[in-house]
Amino acid sequence: MRSGLLVKLALLLAVFGILSSGLTGYYAFSAHRTMLVSAAQGDLLTAARGVNRRLLQAEEEAADDAMLLARLVQVAQVINGHGDRPARQARDELAQAFAGMLALHPEYLQVRLIGAADNGLELVRVDSAGGLTLRVDGQDLQEKGHFPYVFETLALPAGQIYQSAIGVNHERGAHDAEGRPGLMVATPLPRSDGQPGGLLVINLDLERLVGQLRADLPKGYQLYIANRWGDFLVHPDPAQTFGFEQGRRILMQDSFAATQPLFERKLNNLALSGLEQPQQAAGRVMAFVRQPVGQGNHDDFVVTGLVQPLDAVLESAVPLGQRIIHMVLAFSIIAILLAVVFARAMLRPINTLAQAASSFSETQLQQVLPVERNDEIGVLARNFERMQRQINSHMASLYDNQRELSYLAHHDSLTGLANRSLFFQRLEQLLQLSQRNGAPFAVLFVDLDHFKEVNDLHGHAIGDQVLQIVARRLLHTVRGSDMVARMGGDEYLILLQGNFSDDALGELIDKLRLSISEAMTVAGQRLEVGASIGYSLYPRDGSTAEQLVNEADHAMYHVKSGRRGGKVNSLPCG
Amino acid sequence: MAFNKNSLLTGIIGCLLCCQLAVAKDVLRVLAWPGYADPDVVHAFEQRFQVSVEVTFVDSDEALWAKMHAVAGPRFDVLAANTAEMQRYFAAGLLKPLDPALLPNTRRQLPRFRNLAAIPGLQQQGRLYAVPFTYSTMGIIYDRRQFAVPPDSMNVLWDPRYRHKVLDFNSGQHNFSFTALASGIAQPFALSAAQRDRLVQRLIALRRNVLTFYSLPEEGTELFIRHKIALMFGNYGTQQLNSLRQAGADVGYAIPREGVLAWLDCWAMTAASSKPRLAQQWINYMLEPAVSGLLPARQGLANTLSASDELKPGAKVLWLQPVENAALREALWQKIYSGDRPGSF
């Protein structure tokens, strides 16, 4: 029972300890993971903005280069067409400048001067072909007037920059640019009369730009770029890009549903993770940033997304997780040990109380209790002690009552002498003893003479006092070890231990009779009563209590009748 | 407790039985385009015929062809494809003839679609292989504010009055075909070499007259509005018309007197189908007014049951057919599109 409580309490404390350390560990671990993911989201957003900035930078560099080339004097010569020969020479010089520019920038695929006249016929064109520069001239020059980068740029005022949307180049014969995704950066070239004369256009290679961007990104980052309709332009799987070229729409909103608000222009950026949005970003951390493109272009933008596997982000949480598990295990062991120690310490006073209770119930002995404690156990101990005291006092009064009852059962209430029952008990005991050791004893039967007259004359109250006085006189006359009992009425019995001769008994009987018959003053009246005394001896007159008492009774009767007949003999006749 | 256990057991057995029944149900496998078999339509069919329907969607002719040729995966029972593609599938032996008696709903179709002989690709060797379902014409979309009278000829695209106010679709096949129509060539899908050479020059002329060529429908809409375009070749037909109107353009739709190119998607049954009756029940179901009626409402497409405002009964329609040499047309078109001059062909 007690060990059961110990186990339960220890278990409870241990469970609390383990739970609290486990929960603390779990909370620390998940807080750490959340922090990691949130940091990763921040990193991705920054990196996505960085990607956009780098793209923008590349476009601005191309724009600067286009502006630089546009300022060459040969450009004006070609556009304004000052005679055929100088224009021819100017074209050659421009071609050299364009080739130099191409050689300098591997991300440029074409540098061209396109005229506004002749349906946008190319005037000077240098392509990148197999990594080398190649001038395209003569009949190979093409009419480009129907391409947006031409008619849109021609519509711009001088000094402005046009930037096309990112798309796959379908211009046949564009050498390295053909079939490759890219964008055009162009600036208009007005004629000296202010009319649009042409444009200078640089063709940027998206793959080259993205390749550089990818190389700068941390490992494990996946780069996505979509145009304003959501069509993927950059995707880790190249087959997923420019789906619209094949009549299929492979949209960012479909792959990443959460990006929809970006395309609806409701959001400018977005970061989410599989930890917080498991539906939308299962197992991944991602960030998307909407980036406006072009200058003065009608609301064009791209959405750049960076995605990282959630596991990679949470990888660094693994060692911490392991350490937390170790700590939780260690704290759990400590908790178990402490639980046992505490449980024992807490149960010790309870055990003391329990032991005290069980020993008290067996021995009624009070043990030392922890009454000095100030806690509930102290209260319990004090209450228990009080209870013990109460029980002890109740027990004592119970014994007293019992003793009194027993006294009343064996004594005569009037005279305080032993009653007939107690006398016979003593007689039986003495008989048993004497039957073993042969010790003789005597039984005297005393009957008062003329007591009836006292009663009749003076009333029962006086009679009772007479009986009491006689009893006292009898007690005074016999030895302390002898027993005087009242048989009832005016009859007394006396048990005398020892070997008595008839003479010695006769003397004692005389002495008794004299003592009784001495005059007594009761309630102011002088009274005198006599007594007839008979006796029997053990073993001479009987071997049972009844025999002995009957014999003594008979002898007393003889004495009484003899005295009434004038004869005085207190001795039985044989 | 005992009662609970019993009811649990009963439940499990019931579930197993249900699964068994579900497994035992016939499964109809449908290969279709988005919008042709919406979930509610499929569900109603499943309820009526107590079958299970699995729909696989494709978004291009190539994807459809690839699915039909996939070695692994389920065998499809029915497919939807245009008339030109149907000829290809028939030639590859992938189709099973249909029983007109099982397709009573074809009687609800417009006369144009019941004249099977007039639509190449529906019949082969006198037997029915494909049933028209939906179509889209490629008419001329024009700005009503710039045209007092709707244009009635394809040649309006070449009209110098509308120089740089014309949009065309960036596609070799269709551009050759409608230029052939505009040039009075009777067989626009089967050009001779000489005809082709002549059309190249006409297409260069067209290139010089257009503002640009669009690819995506939304791109076309945006260009139309931003550059105040007068007219465009409506490759996406009435769907494009709707999106332009939604964008605020006051546009009309004209069917040129030379005729209009149109694609016509049909339902057909695969040769591999093991449930021809169910497959034809599906095709018949697709022609119910309640089902076909969803095409204009949900997809902006025309159905074969009711006349559309854009296509008058007498209008000449040239349903797309495989062209004589698609690769050559495309290669020539790439040169034209890239800006090659007349002398470089």
Item checked: Compactness index (Cα Rg / 2.2 N^0.38 Å), the range A:401-488 -> 1.26
Margin query: Angle check, please: helix B:217-226 long axis (alpha carbons) against the longest principal axis of chain B (alpha carbons), in degrees 0 to 90, nearest 10.
Written below: 40
Checklist line | Inter-probe distance in nm under a simple model that places probes 7 Å from Cα toward Cβ, at residue B:61 and residue A:457 | finding: 16.4
Next item on the list: Would you jot down the residues in the range B:199-214 that end up with at least 20 Å² less accessible area in the complete protein assembly than in the chain alone, with a 1.4 Å probe?
Entry: B:207, B:208, B:211, B:212
Check: Going from the alpha-carbon gyration tensor of the range A:364-408, what semi-axes, largest first and in whole Å, does one get by taking the root of 5 times each eigenvalue?
Finding: 32, 8, 4
Check: Which net charge results when you count Lys and Arg as +1 and Asp and Glu as -1 among the other residues whose beta-carbon is under 13 Å from that of residue A:122?
Finding: -1
Next item on the list: Sequence neighbours fewer than 8 away in the same chain don't count; with that in mind, list the lysines whose C-alpha is under 22 Å from residue B:25.
Entry: B:275
Next item on the list: List, in the order given, every pair from B:165/B:316; A:219/B:335; B:228/B:312 whose Cα-Cα distance in the structure shown is over 31 Å.
Entry: A:219/B:335
Check: Counting Lys and Arg as +1 and Asp and Glu as -1, what is the net charge of the other residues whose Cβ lies under 9 Å from the Cβ of residue B:322?
Finding: -1
Check: Using a Gaussian network for chain B with springs between C-alpha atoms less than 10 Å apart, which of these wobbles most: B:184, B:252, B:237?
Finding: B:184
Check: Over the range A:299-419, with a single point scatterer placed on each C-alpha, what log10 of the ratio I(q)/I(0) does the Debye formula yield at q = 0.17, 0.19 1/Å?
Finding: -0.97, -1.05
Notebook entry, point to check: For residue A:180, which sequence-distant residues (separation of 5 or more, or a different chain) have an amide H within less than 5 Å of its own amide H, given hydrogens modelled in the peptide plane?
Noted result: A:169
Check: Under 14 Å from the Cα of residue A:452, which aspartates and glutamates turn up, not counting those fewer than eight places away in the same chain?
Finding: A:464, A:490, A:491, A:528
Item checked: Accessible area in square angstrom per residue, the range B:237-332, 1.4 angstrom probe -> 38
Note to self: I'm checking a number: the convex hull volume of the Cα atoms of the range B:52-171, normalised per residue, in Å³. What is it?
What the structure shows: 190
Checklist line | Probe 1.4 Å - accessible area at residue A:384, Å² to nearest ten | finding: 30
Item checked: At least 50 Å² of accessible area lost relative to the chain alone, listed for the range A:87-121 with a 1.4 Å probe -> A:119
Margin query: With a 1.4 Å probe and all protein chains kept in place, how much accessible area does residue B:52 have, in Å² rounded to the nearest 10?
Written below: 40
Checklist line | Degrees, to the nearest 10: B:326-338 long Cα axis against longest axis of chain B | finding: 50
Margin query: Just to be sure I understand the interface: list residues from the range A:134-158 that lose 30 Å² or more of accessible area between the chain on its own and the complete protein assembly, 1.4 Å probe.
Written below: A:139, A:142, A:143, A:146, A:147, A:151, A:152
Item checked: Portion, in percent, of the accessible area of the range A:364-408 that falls on carbon or sulfur, probe 1.4 Å -> 57
Checklist line | Alpha-carbon Rg/Rh ratio, for the range B:235-316, with Rh computed the Kirkwood way | finding: 1.07
Next item on the list: Using a 1.4 Å probe and ignoring any ligands, DNA or RNA, find the accessible area of residue B:228 and quote it in Å² to the nearest 10.
Entry: 130
Next item on the list: Return the value, in Å² to the nearest 100, of accessible area buried between chains B and A (probe 1.4 Å, both sides summed).
Entry: 2200
Item checked: Stokes-Einstein D in µm²/s, Kirkwood radius over Cα pairs - the range A:411-564 at 10 °C with 1.306 mPa s viscosity -> 101
Checklist line | Mean separation of Cα contacts under 8 Å (6+ apart) over length of the range A:143-250, as relative contact order % | finding: 18
Checklist line | Angle in degrees between helix A:2-70 and the longest Cα principal axis of chain A, rounded to the nearest 10 | finding: 10
Next item on the list: Please find the FRET efficiency linking residue A:134 to residue A:158, where r is the Cβ-Cβ separation and R0 is fixed at 25 Å, and quote it to the nearest 0.05.
Entry: 0.25
Next item on the list: Step through the residues of the range A:515-520 one at a time and calculate ³J(HN,Hα) from phi using the Karplus curve (6.51 cos²θ - 1.76 cosθ + 1.60, θ = phi - 60°), rounding each to whole Hz and writing x for Gly and Pro.
Entry: 4, 6, 7, 4, 5, 10
Next item on the list: Please report the orientation-averaged projected area of chain B, defined via the convex hull of its C-alpha atoms, in nm².
Entry: 22.1
Item checked: Whole-percent carbon and sulfur share, accessible surface of the range A:411-564, 1.4 Å -> 48
Note to self: What's the magnitude of the charge dipole for chain A around its Cα centre, counting Lys and Arg as +1 and Asp and Glu as -1 at the beta-carbon? Answer in Debye, nearest 20.
What the structure shows: 1240
Item checked: Span from the the range A:313-384 Cα centroid across to the the range A:8-63 one, whole angstrom -> 40
Notebook entry, point to check: Largest first, how would B:285, A:557 line up by accessible area (1.4 Å probe)?
Noted result: A:557, B:285
Note to self: Just to confirm the filter: which trypsin sites (Lys or Arg not before Pro) across the range B:109-195 are DSSP coil and have at most 13 other Cβ within 10 angstrom of their Cβ?
What the structure shows: B:144, B:145, B:163
Notebook entry, point to check: Accessible area per residue of chain A at 1.4 Å probe, in Å²?
Noted result: 51
Check: When the accessible area of chain B is split by element with a 1.4 Å probe, what percent falls to carbon and sulfur?
Finding: 56
Item checked: Helix-only [θ]222 nm of the protein assembly as shown, DSSP H runs n ≥ 4, -39500 (n - 2.57) each, per residue, nearest 500 -> -15000 deg cm²/dmol
Notebook entry, point to check: When the convex hull of the Cα atoms of chain A is projected onto a plane and the area is averaged over all directions, what value comes out in nm²?
Noted result: 55.9
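The values are calculated or read from the model by the stated rules, or taken from the named source; none is laboratory data. A quick note: this is a predicted structure, and the numbers were derived from the prediction, not measured. A quick note on method: Cβ atoms are made from the backbone with ideal geometry, for glycine too, and the neighbour counts reach across all protein chains shown. Quick note on the areas: whole protein, heavy atoms, side chains included, nothing else; ligands and nucleic acids left out. Shrake-Rupley method; radii C 1.70, N 1.55, O 1.52, S 1.80 Å.
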